[in-house]
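K.L.:
The structure that follows is given in the form of structure tokens.
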Amino acid sequence: MPGRAINQIDLNQSEELLALSIRLRADGFSFTIYHPFDKQVTACVYKEAKLSLTFIANLEQAFSESDFLTRPYKQVHIIAESTRFTALPLNLFDEKQTEFIFAYNHVKKENETILHNVLKKHNMALVFGMDKNIHQFLTKQYSQASFYSQVTPFIEYLSTIEKEENILSKKMYLCLYEKHIDICCLGNEHIIYLNSFECKHTEDCLYYALHLWKQIGFNQKADNLYLAGTVPDKKKLIKELKRYILNVRKMDNISYDERAFFLH
């Protein structure tokens, strides 16, 4: 990710003009400070979670050790990585029924808060779960914070690059994580499929991608598959995908969280 270390910038100069992005990952946290107006990432840092501590204890420790997290920001965006989300058309979404909608596809966990994002450009809503203790802690730290499923900024970013591509072809986007994969398929600039799967091995990612490619009816020669994110065997995955799909491309290691929020 571009940017400098947190301790290399003077936050006192324009802290109230800066935005903070916090990504809650399975293995830790990433913090990014950027200017929302000139679209420049100023600084970034990653903190690995300690296995001996609970996730909330790790988060509390990160805040106690990092002065930049206790300063005021103009905007705060918090992204939670999880496979526990449900997408539905906006005309079927009722904010008062978020827990019912979520329970349709997921068994609600104890101590879980159900949140939602509205993606008006895509005429859809995303309902997702988040640990209640973490949500309460971060809300206490930043009363103005906005919470997002990890697929929300990814979709928003894809909508910008779709305009630059051939809209006649359909596209499958794979966003790879350490323990899961997000799959988003687009055709004629519209989302035609969106889901997330737990993947422990490269073979799992390959199975889901090829199964959906065939199920949706993608063309092996005309349509495109893009990969973002990182997994240990990414080269192996690309090699295997190219055995069946002609156009397999890697996306740059972009910070699509911030690029998506620049659009707001």
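K.L.:
State whether one or more residues within segment 101-112 are modelled with pLDDT of 95 or more and either part of a strand (DSSP E or B) or within 18 Å of the chain's Cα centre (by Cα) (or both).
P.N.:
Yes, segment 101-112 contains a residue that is modelled with pLDDT of 95 or more and either part of a strand (DSSP E or B) or within 18 Å of the chain's Cα centre (by Cα) (or both).
K.L.:
Oh, and also: Out of everything in segment 166-219 that is of a type in the set (K, R) and touching a residue at least 24 places away in the same chain (Cβ under 8 Å), what residue ends up being surrounded by the most Cβ atoms within 10 Å (Cβ to Cβ)?
P.N.:
Among residues in segment 166-219 that are of a type in the set (K, R) and touching a residue at least 24 places away in the same chain (Cβ under 8 Å), the one surrounded by the most Cβ atoms within 10 Å (Cβ to Cβ) is K171.
K.L.:
Go through segment 121-139 and report how many residues are more than 25 Å from L59 (Cα to Cα) and surrounded by fewer than 19 Cβ atoms within 10 Å (Cβ to Cβ).
P.N.:
2
K.L.:
Quick check on my filter: what residues within segment 101-117 are surrounded by 14 or more Cβ atoms within 10 Å (Cβ to Cβ) and either of a type in the set (V, I, T) or within 24 Å of H190 (Cα to Cα) (or both)?
P.N.:
Matches in segment 101-117: I101, F102, T113, I114, L115, H116, N117.
K.L.:
Then there's this: Among residues belonging to segment 47-99 that are among the aliphatic types (A, V, I, L, M) and touching a Lys or Arg at 6+ places or on another chain (Cβ under 6 Å), point out the one that is farthest from I114 (Cα to Cα). Full working, then the answer.
P.N.:
Applying the first criterion (among the aliphatic types (A, V, I, L, M)) to segment 47-99 yields 49, 51, 53, 56-57, 59, 62, 69, 76, 78-80, 87-88, 90, 92.
Okay, now just the ones that are also touching a Lys or Arg at 6+ places or on another chain (Cβ under 6 Å), so 62, 79.
Working: A62: 24, I79: 14 Å.
Checked segment 47-99; the qualifying residue farthest from I114 (Cα to Cα) is A62.
K.L.:
Please count how many residues of segment 218-250 are within 22 Å of D27 (Cα to Cα) and touching a Lys or Arg at 6+ places or on another chain (Cβ under 9 Å).
P.N.:
Going through segment 218-250 one residue at a time, the tally reaches 3.
K.L.:
Does I155 satisfy the criteria of being assigned to a helix (DSSP H, G or I) and not aromatic (F, W, Y)?
P.N.:
In short, yes.
K.L.:
Looking for something touching an Asp or Glu at 6+ places or on another chain (Cβ under 9 Å), outside the structural domain of Q75 (by TED's automatic domain parsing) and either assigned to a strand (DSSP E or B) or at pLDDT below 85 (or both) - is there at least one such residue anywhere in segment 206-221?
P.N.:
no
K.L.:
Quick check on my filter: what residues within segment 121-158 are farther than 18 Å from L88 by Cβ and charged (D, E, K, R)?
P.N.:
Correct list: D131, K132, K140.
K.L.:
Here's a follow-up. Going through segment 59-81 one residue at a time, which ones are out of contact with any helix residue (DSSP H, G or I) (no Cβ under 8 Å at 6 or more places or on another chain) and among the hydroxyl-bearing types (S, T, Y)?
P.N.:
S64
K.L.:
Residues to consider are T98, T42, T32; find the one that is assigned by TED's automatic domain parsing to the domain that holds T139, polar (S, T, N, Q) and surrounded by 15 or more Cβ atoms within 10 Å (Cβ to Cβ). Lay out the reasoning, then the answer.
P.N.:
Details: T42 fails: assigned by TED's automatic domain parsing to the domain that holds T139; T32 fails: assigned by TED's automatic domain parsing to the domain that holds T139.
So the residue among T98, T42, T32 that is assigned by TED's automatic domain parsing to the domain that holds T139, polar (S, T, N, Q) and surrounded by 15 or more Cβ atoms within 10 Å (Cβ to Cβ) is T98.
K.L.:
Quick one: count up the residues across segment 240-262 that are surrounded by fewer than 15 Cβ atoms within 10 Å (Cβ to Cβ) and either of a type in the set (S, T, N, Q) or at pLDDT 95 or above (or both).
P.N.:
Total satisfying the criteria: 5.
The values are calculated or read from the model by the stated rules, or taken from the named source; none is laboratory data. The structure displayed is predicted, hence computed values, not measured ones. Every residue, glycine among them, receives a Cβ derived from its backbone with ideal geometry; neighbour counts consider all protein chains shown.
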